[in-house]
Amino acid sequence: MNKLLMYKRVMVIWMQVVGVSMQSISRTVGISFNAVKKMLINAGEACVEYHHQTVRVAHSRLVYCVEFRSFCYSENKNVVENNSFPLGAGDVWM
């Protein structure tokens, strides 16, 4: 089994952290898409294991929430004008 050099592993993880697509990572680093996918799955599993071992009782006194708006099919103004959209189409708030 071939092992990736450490700088390529770091590059793959860093590129994923900053939001680069897996296909672009594959082309940039010069490794297969499946290798990128497998490495990110392994990194995620390692993070989950670390989290379960280290985080036990986490108490919080303050929770910060952010709301944002998205669309289901279209904006409300376009749904009202056009009745061809399904039920529930329009603005969605989270």
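Taken together, the values in this text are just the output of simple stated rules run on the coordinates, not laboratory data. Predicted, not measured: the structure shown is a model, and the values here were computed from it. Note: ideal-geometry Cβ built from the backbone for every residue, glycine included; neighbour counts use all protein chains shown.
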Given the conditions (1) more than 21 Å from the chain's Cα centre (by Cα); (2) of a type in the set (Lys, Arg); (3) surrounded by 10 or more Cβ atoms within 10 Å (Cβ to Cβ), report the number of the one that LYS38 does not fulfil.
-> (1)
THR28: out of contact with any Asp or Glu (no Cβ under 7 Å at 6 or more places or on another chain), of a type in the set (Ser, Thr, Tyr) and loosely packed, with under 10 Cβ neighbours inside 10 Å, yes or no?
-> no
Considering the range 42-90 alone, what residues qualify as being surrounded by 10 or more Cβ atoms within 10 Å (Cβ to Cβ), touching a Phe, Trp or Tyr at 6+ places or on another chain (Cβ under 9 Å) and assigned to a loop (DSSP other than H, G, I, E, B)?
-> TYR73, PHE85, ALA89
